[in-house]
Amino acid sequence: MSRHPRYDILFEPVPIGPVVARNRFYQVPHCNGMGYRDATAVAVMRGIKAEGGWSVVCTEQTEIHHSSDINPFIELRIWDDRDIPMLAGMVDRIHEHDALAGIELAYNGLNGPNHYGREVPMAPTAMPVASFSYDPVQAKEMSLQDIRDVRRWHRAAALRARRAGFDLIYVYAGHALGFFHHFLSRRYNHRSDEYGGSLENRARLLKEIITDTKEAVGDTAAVPCRISLDELMGPDGLEKNEVLDVIGMMAELPDLWDVCLAGWENDSQTSRFGPEGAQEPYFATVKNLTTRPVVGVGRYTSPDRMVSLVKSGKLDFIGCARPSIADPYLPKKIEEGRIEDIRECIGCNICVSGDFLMSPMRCTQNPSMSEEWRRGWHPERIRGRGCDEPVLIVGAGPCGLEAAQMLGKRGYNVTVAEAGKEAGGRVTRESRLPGLSAWRRVVDYRMQQIHKLPEVELHFASELTAADVLELDFRRVALATGSRWRRDGVGRHWTSAVPGASETPILTPDDIMAGARPPGSRIAIWDDDHYYMGGVLAELLISEGCEVVFITPAPEVSSWTRHTMEQHLIQKKLIEMGVAIYPNLALSKVAADVLEAKCVFTGQRQVFEVDSTLLVTSRKANDELAAGLHALHDSWADAGLESVTLIGDSVAPATIAHAVFAGRKFAEELDAADVPNDVVAFRREITELVDREGGNYSSPGTP
Ligand code: ADP
Ligand code: SF4
């Protein structure tokens, strides 16, 4: 198949300074929780993006100097020549597929507390570091010599990047994550010399560095500038008009403008709070200021939308981070006329949590993300089947659907039995909750694939018992039967039932999702789950007219969503809707019309008069079918049954990303040789040890 001619415009080559991108699909820099620690894994991941058709593939932010590290976050480093081979390996993998490799050089300045290097952070003005936690570290004000030093370091890093083979060498003034941004912004720059005060002065350093970088590498590499158009703080921060003036001042200086919002949480909003294209009002007029190409982002997955952005003169390149994570093959699928195969990002920011947790990034939609090298998984390809035995999968939630589609792609005949009338399990239920409709894409993509696979049969309204499974004559069975929310309040705070829970009518999230509503109008939500569910249900119930009291032992609502960068938005929304939030309070007793709680610090007691209680604590695996089958183990041989494997939430409930990953893992490992579980299950890279005399460090004091 080939693409529809209306998408031709997306496949036009576009020059960027001295290099040419072969199409308009541009993977903008994005972090991934792997960085320098997982050198080969991150290089292979970037290579697969290039293979999938992105004409520009960029690194994450790459620290240019040891005096500015962003530890504990794990990004890349180009501190000295010893970092070049690792980066060159990534470039080679990108070049293999005819794509351009971009590197985002970064000097973190005020953002880098320097926990690792212990150098004193430097900033335009002396103040506490602006890191993600309240680090007890302050930055010193840069002297003119410090500014000259950083200019020299940036130039040296650019030359090293060129030696590594990069085609685009960035000057990064985006996301408030770096010192060019800090110089631009009045809230960080209180200087009175030529680098402070007027906008022209505040932009001086950015201009100087772009010029330095162009002089150093500009004959062979493009020099893009990534800049934040707005900090969304009104006059307290950088505002659009001011940044547009900066762009106007140096319109033709960089070879490309890569425009975003600051901070990162505004640029990468979840779908719960920001629609596709949320940045459009900010970048819409940038192209009026410059003849240089412009790349912008907006979680774009719709090719028609991409075409209209180019045709209306708003963008030259469609920038993607998350859509390229969810589907590294997005450009290729458009090129091959396979739009329906696009695995659309759902905007959940589970990928972001990888960076915040310093773990290889995971993706709800793309379970192969970060597993390309270490497990050998590919986002599109999977090896053929190892035998002809058909497989029975019980349950069509995210785990069962992923297992079914991947086994079908391997050529296995798969039967899926689902108790309900529709596919998707928890995803279908949860996507009906406020703000979560985009999550439905997890089901839509998999159902779309399954419909194209004659190997996969899906049966609804087919609740199976253990006896049914035996009767069906399958040798191999996977149980993806999911989980249900607990009614007894067991969670993190209460590891056994909450006092009074067994004698009191209690609501659970499953009840609410199934349509049950609290009697009376006053409801208390005890949230000891701490991810999105408690907050979403508070939003739902208050919007339906309930008075909602939200009690949590954490200091804030939906605390884990800090890792998906939406906690502040959830709390704001609930406050604005009128939810009464009681943090640092632990439920101590429930009864029909009254609920008792205690301060987690002092134990001071508080009583709430309520009509009902909704417990959002933890889930219990639906493993009854597995237990039933094990009870009938003696009959397995007669029924031809050999193996029963629990997968996904039915083993231990976790995120949707986890369930999809478990489905893929089952499909990958079905006929793999049995590897004893005391052997490491994936590849990893071990630090090469220096000899006992040690390292390359020399200082004036070293003999
Ligand atoms: P996961 O996240 O692990 O995929 P879900 O709870 O989303 O789990 O999905 C589990 C699915 O399994 C649900 O759609 C549920 O209806 C189905 N299911 C559970 N038990 C049975 C059973 N005995 N027979 C058939 N389907 C079942
Ligand atoms: Fe999109 Fe979620 Fe995947 Fe991130 S984890 S790329 S937000 S689907």
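Laid out as a table, the results:
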{"read-out": "Sole residue being within 20 Å of the chain's Cα centre (by Cα) and in a strand (DSSP E or B), chosen from ILE325, ILE318, ILE227", "value": "ILE318"}
{"read-out": "Some residue of region 335-345 being within 16 Å of ligand 2 (Cβ to nearest atom), of a type outside the set (A, V, I, L, M, F, W, C) and in a loop (DSSP other than H, G, I, E, B)", "value": "yes"}
{"read-out": "Qualifying positions in region 168-225 - aromatic (Phe, Trp, Tyr) and out of contact with any strand residue (DSSP E or B) (no Cβ under 9 Å at 6 or more places or on another chain)", "value": "TYR195"}
{"read-out": "Close pairs (6 angstrom Cβ cut-off, 6 or more residues apart or separate chains): at pLDDT 95 or above in region 139-150, assigned to a helix (DSSP H, G or I) anywhere", "value": "ALA139/LEU110"}
{"read-out": "Qualifying residue in region 376-388 (condition: touching a His at 6+ places or on another chain (Cβ under 9 Å) and closer than 29 Å to PRO13 by Cβ)", "value": "no"}
{"read-out": "Any hit, region 123-140, residues being in a strand (DSSP E or B), charged (D, E, K, R) and under 25 Å from VAL297 (Cα atoms)", "value": "no"}
{"read-out": "Test: residue in region 476-484 that is farther than 26 Å from ARG432 by Cα and away from ligand 1 (no atom under 16 Å from the Cβ)", "value": "yes"}
{"read-out": "Of all residues in region 350-404 being within 13 Å of ligand 1 (Cβ to nearest atom) and assigned to a helix (DSSP H, G or I), the one that is surrounded by the fewest Cβ atoms within 10 Å (Cβ to Cβ)", "value": "GLU402"}
{"read-out": "Residues of region 247-296 classified as of a type outside the set (Asp, Glu) and not in a loop (DSSP other than H, G, I, E, B), total", "value": "18"}
{"read-out": "Test: residue in region 389-402 that is without any contact (Cβ under 8 Å) to a residue 60 or more places away in the chain and hydrophobic (A, V, I, L, M, F, W, C)", "value": "no"}
{"read-out": "Residue among LEU330, LEU315, LEU289 that alone is under 30 Å from LEU253 (Cα atoms), away from ligand 1 (no atom under 16 Å from the Cβ) and buried (at least 22 other Cβ atoms within 10 Å of the Cβ)", "value": "LEU315"}
{"read-out": "Residues located in region 627-675, provided they are polar (S, T, N, Q), away from ligand 1 (no atom under 14 Å from the Cβ) and part of a helix (DSSP H, G or I)", "value": "SER635"}
{"read-out": "Test: GLY263 is at pLDDT below 95 and surrounded by fewer than 20 Cβ atoms within 10 Å (Cβ to Cβ)", "value": "no"}
{"read-out": "Leading residue by the ranking (nearest to the chain's Cα centre (by Cα)) among those in region 463-504 that are among the acidic types (Asp, Glu) and at pLDDT 95 or above", "value": "ASP488"}
{"read-out": "Single match in GLY102, GLY33, GLY47 (criterion: modelled with pLDDT of 95 or more, of a type in the set (Gly, Ala, Ser) and more than 24 Å from ARG684 (Cα to Cα))", "value": "GLY102"}
{"read-out": "Which listed residue is buried (at least 24 other Cβ atoms within 10 Å of the Cβ) and out of contact with any Cys (no Cβ under 8 Å at 6 or more places or on another chain), from ALA130, ALA158, ALA101, ALA126", "value": "ALA158"}
{"read-out": "Strands (runs of 3 or more DSSP E) fully within region 457-544 counting 3 or more residues that are touching a residue at least 12 places away in the same chain (Cβ under 8 Å) and out of contact with any Pro (no Cβ under 6 Å at 6 or more places or on another chain)", "value": "476-479, 522-527"}
{"read-out": "SER324 vs. criteria under 20 Å from ALA50 (Cα atoms) and hydroxyl-bearing (Ser, Thr, Tyr)", "value": "yes"}
{"read-out": "Residue count for region 413-429, restricted to those that are within 6 Å of ligand 1 (Cβ to nearest atom), under 25 Å from the mean Cα position of the chain (by Cα) and among the small types (Gly, Ala, Ser)", "value": "1"}
{"read-out": "Selected residue [over 19 Å from ALA173 (Cα atoms) and buried (at least 23 other Cβ atoms within 10 Å of the Cβ)] from ARG118, ARG82, ARG46", "value": "ARG46"}
{"read-out": "Checklist (1) buried (at least 18 other Cβ atoms within 10 Å of the Cβ); (2) within 25 Å of ARG381 (Cβ to Cβ); (3) over 18 Å from the mean Cα position of the chain (by Cα) applied to HIS30, failing item", "value": "(3)"}
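The values are calculated or read from the model by the stated rules, or taken from the named source; none is laboratory data. For clarity, every value in this text was computed on a predicted model and none was experimentally measured. All Cβ positions, glycine included, derive from the backbone under ideal geometry; neighbour counts span all protein chains shown.
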